[in-house]
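See structure below.
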Amino acid sequence: MGAPIVNRTRSESLKSEAALKRFRQEGTSASRLNHPNAVAMLDSGIAPGGIPYLAMELLVGRTLAEELRERSQLPLSRCIQIILPICDVLVEAHAIGLIHRDIKPENVFLHKARYGEVIKVLDFGIAKLLGTDSELDRPAMTGGGGIVGTPVYMAPERLRHGPYDGRSDVYSVGVMLYQMLCGRTPFPADTKSFLEVVLNHLNDPVPPLRKWLPTIPDPVERLVLRTLEKDPSQRPSARELLTELVQVVRATVGVVDANETAMAQQPGEAIYLLRGDLLPGTEASSHDPAAAS
């Protein structure tokens with residue numbers, strides 16, 4: 001179990017106007033999203049001496065990346081536990097025009113709350129608010145060639161520097177779900193150059209999941225492959241993915257025990273048992289996946 005951390009608290013001096021602009025955007029992006037599965041921003045400002053800071057909620061636990069290093073392949077029930085809350089927070093983010101742009105295991109935190117595990121999406125700080133200054137996209141962050149994000153998990157339209165929307169996040173969720181189920185990403189970067197990874201995402205068909213996981217139910221494989229379509233118009237939205245994931249797992253209850261997929265979430269959030277029942281202590285809200293169908 002990881003040590004307690006304060007996620008993404010920033011205490012470094014920013015040396016340029018561009019960096020300060022990005023910092024201000026980070027504060028704006030984080031404050032616009034209020035969701036139980038997004039890390040809460042508690043405060044932001046400029047400290048004495050001119051040091052900008054963001055203070056976020058205290059998290060205890062570890063990232064999904066750490067869990068995958070311990071066990072490279074996760075059971076379908078565990079994957080659903082993790083992916084449904086991620087889809088739920090993306091539904092709300094996309095509804096306000098906020099695209100995360102860097103969904104990956106390092107940015108998913110498995111927080112150990114007093115009432116159980118809560119999935120937290122980290123680092124909305126490089127998120128793009130639709131309609132904001134496009135110059136914020138230009139400086140390189142975690143990729144190359146001016147790309148903001150992590151290329152192994154990045155949608156083809158973003159790698160082309162083309163227009164994009166929330167379905168680029170859905171592609172990243174699909175890559176991550178593929179990795180959780182199969183123990184590898186569709187196009188691993190271990191022995192490839194940055195350019196080779198980019199060309200794989202742009203041109204190569206995604207290997208069938210059953211190549212690595214022969215027991216995967218057909219509906220699950222089909223849905224994951226839909227999230228990885230090269231053409232974003234062929235992918236589900238985050239809301240559609242959330243709804244279809246619930247429907248797919250309900251349809252495969254002979255393979256996946258529905259009770260195992262119930263998530264321990266904080267009271268007030270409407271995350272449903274796959275049999276359609278509310279978790280104890282929860283109540284219906286706008287996060288009901290059924291409302292999206």
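Of the residues making up segment 163-200, those that are among the basic types (Lys, Arg) and either touching a residue at least 24 places away in the same chain (Cβ under 8 Å) or closer than 20 Å to Arg239 by Cα (or both) are Arg167, Arg184. Just name the residue that is farthest from Val248 (Cα to Cα) out of those in segment 220-230 that are in contact with an Asp or Glu (Cβ under 9 Å, 6 or more places away or on another chain) and open to solvent by 40 Å² or more (accessible area, probe 1.4 Å). Residue satisfying both the conditions and the ranking: Lys230. Taken over segment 34-88, the criterion of being open to solvent by less than 30 Å² (accessible area, probe 1.4 Å), over 30 Å from Arg210 (Cβ atoms) and charged (D, E, K, R) is satisfied by no residue.
For segment 50-74, a residue qualifies if it is touching a residue at least 24 places away in the same chain (Cβ under 8 Å) and part of a loop (DSSP other than H, G, I, E, B), and the qualifying residues are Gly50, Glu57, Val60, Ser72, Gln73, Leu74. If I filter segment 147-179 down to residues being over 17 Å from Lys230 (Cβ atoms) and touching a Pro at 6+ places or on another chain (Cβ under 8 Å), which single residue comes out as most open to solvent (accessible area, probe 1.4 Å)? Across segment 147-179, the extreme among qualifying residues is Gln179. Restricting the first member to segment 112-123 and to residues that are free of Cβ contacts under 8 Å to residues at least 12 places away in the same chain and of a type outside the set (S, T, N, Q), and the second to residues that are in a strand (DSSP E or B) and open to solvent by 20 Å² or more (accessible area, probe 1.4 Å), no beta-carbon pair is closer than 7 Å while six or more apart or on different chains.
In segment 109-131, the condition of being touching a Lys or Arg at 6+ places or on another chain (Cβ under 7 Å), aromatic (Phe, Trp, Tyr) and at pLDDT 75 or above is met by at least one residue. Name the pairs whose Cβ atoms lie under 9 Å apart, with the first residue in segment 82-96 and over 14 Å from Thr243 (Cβ atoms), the second of a type in the set (Phe, Trp, Tyr), and 6 or more positions between them or separate chains? Matching pairs, first to second residue: Ala93/Phe124.
Restricting attention to segment 166-203, report how many residues are among the charged types (D, E, K, R) and modelled with pLDDT under 95.
3
Considering segment 6-33, and only residues there that are open to solvent by less than 20 Å² (accessible area, probe 1.4 Å) and among the polar types (S, T, N, Q), the residue that is modelled with the highest pLDDT turns out to be Gln25.
Leu64 fulfils the conditions (1) in contact with a helix residue (DSSP H, G or I) (Cβ under 7 Å, 6 or more places away or on another chain); (2) at pLDDT below 95 except for a single criterion, (2).
The values are calculated or read from the model by the stated rules, or taken from the named source; none is laboratory data. Computed from a predicted structure; not experimentally measured. When we count neighbours, we look across all protein chains shown, and the Cβ atoms used for this are built from the backbone with ideal geometry, even at glycine. Side chains are part of the model used for accessible areas, which takes the heavy atoms of the whole protein and leaves out ligands, DNA and RNA. Shrake-Rupley method; radii C 1.70, N 1.55, O 1.52, S 1.80 Å.
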